[in-house]
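Asker: My structure is below; once you've seen it, I'll send some questions.
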């Protein structure tokens, strides 16, 4: 038996194995350094991904998959043959650059589980914490220009869905507060007024004295790893490009207005700035917790509150990315954790529905102007070409140059696909979009 | 030459190959031989021609035992019964008993060898013979056909643990499906009885047709011929198809504990132990995998060669079993190895192994090291500076023991261990969404700790919890009862230390857990019913077998009855109360005590004797198996008394060893030669910072005096705690706290490390206003944060730095920041 092959592929032995010297420099930093050294480009066309998360679950028939059971009319888009809901006239002009998947089918019908599923492709499980696809992308692609690779803005419902699970907390996202606030800043990246770079240096001098005795005792990998992270943290704090990326006051006020002066609009703007600065994966939410969860008065809330914000901010985002030449390197995905029921309930609302729902995707080498899959007459069940969460991940990974068939090994040795589909199968990229 | 099938080909093959000789030990070793022994001891062989390798092991004055087989001049007393054949093996000839004697270095050793059924031909066994080839050649590894779904439509069991299934897929064909017993594809036999040489089983591995796995053996090689002969004979299943058949019960690797010196080699022997008391040498039929190839290599014939000092596990797969063997390579013998005194039996084991490995343990921890360490480990709290002064000044020879007793009786002990048990018992709010449910669960934990309730009773109370009892709240996830397969996977991991969750969907790929075993256990949870009528009622869970939803096996689609791991069904009279019966079984199981021992070890040393702490498996060996067994026995004898167990551990010399390594033990992480730093848990660290800064963190809505270890993680948001990796308790704790970027950022910009420290009434504020001198401030803060007096050099340097600050406040602020940010503070060491 070839031992070398065994050694590399049977990670579970490493878990129980006894490496003499303990762990080595965090893989994260090494990957980051290597990527910087090799130049910025990834193997795929895309460099980054923006996830526009519609918390609560948007109704597919009232948005991107219009059907007779919707009370809204349909409108044409700038791609022949594609029609969407009348609520999104500006998005209709993006249909040459965005595509629609109408046959999404997932397995969790409630918000906490659905969000977790939407981020990880797995159902929640008390013995295993799966990594979110944002953490995976951050890990695989590494950091660029000292910008944190994975940012979640603003803080989300069910925050642990966004975390790195068993791949380690170093791949957790940087969570930033509401960008629409007057005094918006990232606490983690902002030096308090009293703290100047000189003072930081002085403190490091104190620290060296205090820590000398334990450092002299023995080389301990965790200590030197922390040193490496401290260096990186300082670079992030002091480097102007990172601060500027997060500084919305540098954006012309009319551009801030264009996105919409709401939490959602400003999150979209921040996402663009971060991607511009080198971030790899940004979750732009901004809707209130489960705001799209229209169990009551679905039509009214859609028309009045939910659709206009999205219509405005999404079209500004896509055009903005396009004009800056970023759209071809940035995948944009617009989705929630599931769709909504074909029937309207007695309160005029629609309830949760994971059987068949829709999303928008485009940019980063993903074809626009396509419709993938179809639903039945009520947009209730998938009629053709089912797409799973794992397939979606595989598509995004492929666009980013990450091997969609890659396997991680969870503690205990269980192999886990990074694009995990229904029934533990491997998700496959949607070829029609690539 | 035609190989007669019904004669065991195993022994024949073994006899044909000559073993490589270990290097001549006489030339290289300066030490003298102290004793000699022969292995295996007292083997019984079945059938003429059966051969077993033997080892002569010589123990030297330098403490190393070496393989001297090649020089051992073996002789058998009765050559009619058995003789020494080619390759130095003992070959059976006729029924009877004989004595094998070996001589080396002025010593003699002997062992009895018995032969039975010499005249009967060895019955054929598919499981041993064909299964052995499939294992040896790597066909059934989890990367290939042994993977969850097999490969190329052929599914084999890992390590040939399921020979009947393997036989079916090879002889009859069919494609394995995870979720159903039906075949998922064409039913294509891998053998062709009409044209044996065209069997896929032969064509593929010999690469006569394309094979994704490459060439495993050549056409005409012994393995090829054996398989061909088997097909020609009609592909029998052989012996194990009957109940009375002889089975391989276990596999043993000799010589057992293997310690090599830097240039050492050791021939391993792999013995299959059969149910009729006989043994078979399967050394050349086994596959060997080394976990750290830098330490030692093992070739296909089981010869281990030392590479560099360290320890590695060698996983041996043979005859449907997998076992692992530790192989250690020692550094040069330490001259004048010191005599080290044990404090209790823990030290006996630890020190004995260190001696064998030629690693000298470090000296004892200083009083200051020990004080801080044991206060954090027993009470999660820094010792107050007055106590530090007292303890360091005391001349009482029993002060350490008195300190331990005081900590065990302290209220902080109760708080801290409520926290630690809360982590593994998953005390959190999300499960129930009702504060009162969360509270009664938490209170039950606290009461159990305060009363020092025996751990087995705690576990039984939770497993069998029902009605309104606090621990029954554990079964709820968002007010719905959790599902049986998830409960059983978690409980098995937590209480029995085994990860069987893979077996939920298929037979475990690496270990021998079967899907049936998993679901048989899961079925114990299949009777739980929540009696509430509406969402507004209280949750009440009891077992009502007739009313509960059935537990369905996902593959056979049949209802599963509760069955213990060994397959016994739950007795009819017990079926009204399955969880109580499960609770009794779990807490009486041998795995229970050893898992508790291992977890306790991890709590105090930062690493289990088996690591990860809840991942016992044949391929993850314990570093000190006898110690673990001794502790497990001790735990049982002392009624699972947690305080007893903790006192035992912290009273040992091993726990009280210094953190300063010496030349021989630098880098040792698995033998406890010196204490290795362990990161403080997030909540403990936050509380410690609050103690030093004198400023409490506001924990959500809790009263200001609340400590971070008191809160449920999902009740209170905290950037600090998130950054430092607190467990959310939605799953069992997986990762240990690790340094990370978010922590590093937090240390520079986070309020805990910056503005909060300056709060009015905090220590900085008080110290600045009181006009305390630099030296006094340095001493006070060192005592508070690090439980030691500062060294003169530290005082000098810090004083100088402080004097160049722009204000008193800033000077103290900088000093305090440095202290709470230092690794010496954030770690227990």
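Asker: Scan (1) modelled with pLDDT of 90 or more; (2) within 11 Å of chain A (Cβ to nearest Cβ) for the single condition residue B:709 breaks and write down its number.
Answerer: Single failed check for residue B:709: (2).
Asker: For the structure I just gave you, tell me whether residue A:180 is in the same structural domain as residue A:117 (by TED's automatic domain parsing), free of Cβ contacts under 8 Å to residues at least 60 places away in the same chain and buried (at least 21 other Cβ atoms within 10 Å of the Cβ).
Answerer: no
Asker: Report, by residue number, each residue of the stretch B:687-729 that is touching a strand residue (DSSP E or B) at 6+ places or on another chain (Cβ under 9 Å) and crowded, with 18+ Cβ neighbours inside 10 Å.
Answerer: Answer for the stretch B:687-729, where residues must be touching a strand residue (DSSP E or B) at 6+ places or on another chain (Cβ under 9 Å) and crowded, with 18+ Cβ neighbours inside 10 Å: B:722, B:724, B:725.
Asker: Let me ask you something else. Take the residues of the stretch B:783-829 that are surrounded by fewer than 20 Cβ atoms within 10 Å (Cβ to Cβ), over 24 Å from residue B:390 (Cα atoms) and touching a residue at least 40 places away in the same chain (Cβ under 8 Å): which is nearest to the other protein chains (Cβ to nearest Cβ)?
Answerer: B:809
Asker: Then there is this: Please go through the stretch A:194-211 and pick out each residue that is under 22 Å from residue B:793 (Cα atoms) and more than 8 Å from chain B (Cβ to nearest Cβ).
Answerer: A:201, A:204, A:208, listed by residue number.
Asker: Of (1) within 14 Å of chain B (Cβ to nearest Cβ); (2) touching a residue at least 60 places away in the same chain (Cβ under 8 Å); (3) part of a helix (DSSP H, G or I), residue A:413 satisfies all except one. Which?
Answerer: So the condition that residue A:413 fails would be (3).
Asker: Within the bounds of the stretch B:608-622, is there any residue that is over 23 Å from residue B:291 (Cα atoms) and either surrounded by fewer than 18 Cβ atoms within 10 Å (Cβ to Cβ) or more than 14 Å from chain A (Cβ to nearest Cβ) (or both)? Spell out the reasoning first.
Answerer: Pass one, the stretch B:608-622, residues over 23 Å from residue B:291 (Cα atoms): none.
Looking through the stretch B:608-622, none of the residues is over 23 Å from residue B:291 (Cα atoms) and either surrounded by fewer than 18 Cβ atoms within 10 Å (Cβ to Cβ) or more than 14 Å from chain A (Cβ to nearest Cβ) (or both).
Asker: Restricting attention to strands (runs of 3 or more DSSP E) lying wholly within the stretch A:303-406, give those where 2 or more residues are within 15 Å of residue A:118 (Cα to Cα).
Answerer: Qualifying strands (runs of 3 or more DSSP E): A:330-335, A:357-362.
Asker: So residue B:675 ticks every box in (1) without any contact (Cβ under 8 Å) to a residue 40 or more places away in the chain; (2) within 13 Å of chain A (Cβ to nearest Cβ) but one. Which box is left unticked?
Answerer: Only one criterion is unmet by residue B:675, namely (1).
Asker: Answer yes or no: is there a residue in the stretch B:296-305 that is within 10 Å of chain A (Cβ to nearest Cβ), at pLDDT 90 or above and surrounded by fewer than 22 Cβ atoms within 10 Å (Cβ to Cβ).
Answerer: Within the stretch B:296-305, the subset within 10 Å of chain A (Cβ to nearest Cβ) is B:297-300.
From what's left, at pLDDT 90 or above: B:297-299.
If we keep only those that are surrounded by fewer than 22 Cβ atoms within 10 Å (Cβ to Cβ) too, we end up with B:297, B:299.
There is at least one residue in the stretch B:296-305 that is within 10 Å of chain A (Cβ to nearest Cβ), at pLDDT 90 or above and surrounded by fewer than 22 Cβ atoms within 10 Å (Cβ to Cβ).
Asker: Please go through the stretch A:144-172 and give me each residue that is part of a loop (DSSP other than H, G, I, E, B), within 9 Å of chain B (Cβ to nearest Cβ) and buried (at least 22 other Cβ atoms within 10 Å of the Cβ), ordered by number.
Answerer: Residues satisfying the conditions are A:148, A:163, A:172.
Asker: Moving to a separate point now. Specify which of the listed residues (B:655, B:640) is at pLDDT 95 or above, more than 13 Å from every other protein chain (Cβ to nearest Cβ), crowded, with 21+ Cβ neighbours inside 10 Å and assigned to a loop (DSSP other than H, G, I, E, B). Walk me through how you get there before you give the answer.
Answerer: Numbers: B:640 fails: crowded, with 21+ Cβ neighbours inside 10 Å.
Testing whether each residue is at pLDDT 95 or above, more than 13 Å from every other protein chain (Cβ to nearest Cβ), crowded, with 21+ Cβ neighbours inside 10 Å and assigned to a loop (DSSP other than H, G, I, E, B) leaves just B:655.
Asker: Considering only the stretch A:285-302, I want to know if a residue exists there that is buried (at least 24 other Cβ atoms within 10 Å of the Cβ), under 15 Å from the mean Cα position of the chain (by Cα) and not in a loop (DSSP other than H, G, I, E, B).
Answerer: no
Asker: Still on this structure: State all residues of the stretch A:234-257 that are within 14 Å of another protein chain (Cβ to nearest Cβ), outside any loop (DSSP other than H, G, I, E, B) and surrounded by fewer than 16 Cβ atoms within 10 Å (Cβ to Cβ); if no residue qualifies, say none.
Answerer: Within the stretch A:234-257, A:235, A:238 qualify.
Asker: Given A:212, A:139, which one is under 28 Å from residue A:421 (Cα atoms) and in a helix (DSSP H, G or I)?
Answerer: Working: A:212 fails: under 28 Å from residue A:421 (Cα atoms).
One residue alone meets the criteria, A:139.
Asker: Moving to a separate point now. Go through the residues of the stretch B:266-282 one by one and say whether even a single one is surrounded by fewer than 20 Cβ atoms within 10 Å (Cβ to Cβ), within 12 Å of chain A (Cβ to nearest Cβ) and either part of a loop (DSSP other than H, G, I, E, B) or free of Cβ contacts under 8 Å to residues at least 60 places away in the same chain (or both).
Answerer: Scanning the stretch B:266-282 turns up no residue that is surrounded by fewer than 20 Cβ atoms within 10 Å (Cβ to Cβ), within 12 Å of chain A (Cβ to nearest Cβ) and either part of a loop (DSSP other than H, G, I, E, B) or free of Cβ contacts under 8 Å to residues at least 60 places away in the same chain (or both).
Asker: Hey, another quick one. Would you call residue B:158 touching a residue at least 24 places away in the same chain (Cβ under 8 Å) and more than 22 Å from residue B:127 (Cβ to Cβ)?
Answerer: In short, no.
Asker: Does the stretch A:110-122 include one or more residues that are modelled with pLDDT under 90, within 12 Å of chain B (Cβ to nearest Cβ) and surrounded by 23 or more Cβ atoms within 10 Å (Cβ to Cβ)?
Answerer: No - not one qualifying residue is present in the stretch A:110-122.
Asker: Just the residues that are at the interface with another protein chain (Cβ under 7 Å from one of its Cβ atoms), more than 20 Å from residue A:151 (Cβ to Cβ) and touching a strand residue (DSSP E or B) at 6+ places or on another chain (Cβ under 9 Å), please, taken from the stretch B:733-756.
Answerer: Scanning the stretch B:733-756 gives B:734, B:738, B:739.
Asker: With the condition being surrounded by fewer than 19 Cβ atoms within 10 Å (Cβ to Cβ), I'd like the strands (runs of 3 or more DSSP E) fully within the stretch B:69-156 carrying at least 1 qualifying residues.
Answerer: On the way: elements: B:82-84, B:89-92, B:96-104, B:107-116.
Once the strands (runs of 3 or more DSSP E) in the stretch B:69-156 are filtered for at least 1 residues that are surrounded by fewer than 19 Cβ atoms within 10 Å (Cβ to Cβ), what remains is B:82-84, B:96-104, B:107-116.
Asker: Follow-up. Go through the stretch A:220-233 and give me each residue that's without any contact (Cβ under 8 Å) to a residue 60 or more places away in the chain and more than 7 Å from every other protein chain (Cβ to nearest Cβ).
Answerer: Matches in the stretch A:220-233: A:227, A:231.
Asker: A further question on this structure: When the stretch B:465-492 is examined, which residues are found to be surrounded by fewer than 20 Cβ atoms within 10 Å (Cβ to Cβ), closer than 22 Å to residue B:523 by Cβ and away from every other protein chain (no Cβ under 12 Å)?
Answerer: Once the filter is applied, which keeps residues that are surrounded by fewer than 20 Cβ atoms within 10 Å (Cβ to Cβ), closer than 22 Å to residue B:523 by Cβ and away from every other protein chain (no Cβ under 12 Å), the stretch B:465-492 yields B:466, B:467, B:481.
The values are calculated or read from the model by the stated rules, or taken from the named source; none is laboratory data. Small disclaimer: the values here were computed from a predicted structure and weren't measured. Note that we place each Cβ from the backbone using ideal geometry, even for glycine, and neighbour counts take in every protein chain shown.
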